[in-house]
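Colleague: Please read through the structure below; I'll follow up with questions.
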Amino acid sequence: MAVRQYELVYILPPDTPEQQATELHEQIDAVVTRMHGQTERTENWGRKRLAYEIAHHKEGVYVLEVINGSGELMKELDRRLRVMDIVIRQMTVRVDEEKKVVERTRTKRQSNSERRRLKRGRPATRQPGEGRSQETDESDDDRFDGLEA
């Protein structure tokens, strides 16, 4: 049973009392702990306009939960959230796979950069003051002087 990271976003009706939203979060947290998962963080994004009307609602309260656990845990949460009347919509996304791809791309670019630098006779890593400075002030930038729009 592999532990993976998921983002669960669910939308509640705009007139949902804070107490009811807290109770829903506690129910989700109870399922997560019972199935040996862990809630990393919870963010209440607040009331936002929906892209389209859902069940006669034009706005909703968005809540994000980042959960570490198994696929079985997420199946159970998905099943439970589908039958709750208070939840307008919910979506679960696995995010650890994306992080692996980003890290793999970063290391590949770094190794390619080091290989090219060594081939040119330079040190593998960039030295302080080498290349363009990160702090470019717009007043010092004269690349577009003299051009008319």
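Colleague: What distance in nm separates the two pseudo spin-label positions at Asp15 and Thr39, each 7 Å out from Cα along the beta-carbon direction?
Modeller: 2.6 nm
Colleague: Now for a different question. Count charges around Arg109 for me, please; just the other residues with Cβ under 12 Å from its Cβ, Lys/Arg as +1, Asp/Glu as -1.
Modeller: +3
Colleague: I would also like to ask the following. Which whole-number percentage describes the relative contact order of the chain, with Cα contacts under 8 Å and a sequence gap of 6 or more?
Modeller: About 29 percent, as a whole number.
Colleague: Starting at the first residue of region 24-31, write each ³J(HN,Hα) from the Karplus equation 6.51 cos²θ - 1.76 cosθ + 1.60 with θ = phi - 60°, in whole Hz, x for Gly and Pro.
Modeller: Values, residue by residue: 5, 4, 5, 5, 5, 4, 5, 5 Hz.
Colleague: Moving to a separate point now. How large is ³J(HN,Hα), in whole Hz, for each residue of region 39-54 in order, when computed from phi with the Karplus curve 6.51 cos²θ - 1.76 cosθ + 1.60 and θ = phi - 60°, using x for Gly and Pro?
Modeller: 8, 6, 7, 10, 10, 8, 7, x, 7, 9, 6, 7, 5, 8, 5, 10
Colleague: Using only Cα atoms, tell me the angle between helix 71-83 and the longest principal axis of the chain; keep it within 0 to 90° and round to the nearest 10.
Modeller: Tilt relative to the chain: about 50 degrees.
Colleague: Around Leu50, which amide H atoms from residues at least 5 apart in sequence, or from another chain, sit under 5 Å from its own amide H, with H modelled in the peptide plane?
Modeller: Long-range HN contacts for Leu50: Glu59, Gly60.
Colleague: Also, quick follow-up: Could you tell me the calculated FRET efficiency between Gln27 and Ala51, based on Cβ-Cβ distance and R0 = 30 angstrom, to the nearest 0.05?
Modeller: Calculated value: 0.65.
Colleague: Could I ask something else about it? Mind checking the full-extension length gain between Glu59 and Arg109? Use 0.36 nm per residue of separation minus the Cα-Cα distance, one decimal, nm.
Modeller: Between Glu59 and Arg109, full extension yields an extra 13.7 nm.
Colleague: Which semi-axes, in whole Å and largest first, does the equivalent ellipsoid of region 4-95 have when worked out from the alpha carbon gyration tensor as the square roots of 5 times its eigenvalues?
Modeller: Semi-axes from the Cα gyration tensor: 22, 13, 12 Å.
Colleague: Check Ser70: other-chain or 5+ apart residues with amide H under 5 Å from its amide H, H built from backbone geometry?
Modeller: Arg4
Read-outs: derived from the displayed coordinates by stated rules, not from any lab. Because the structure is predicted, anything quoted here is derived from the model rather than measured. Using ideal geometry, Cβ is built from the backbone for each residue, glycine included, and neighbour counts are taken over all protein chains shown.
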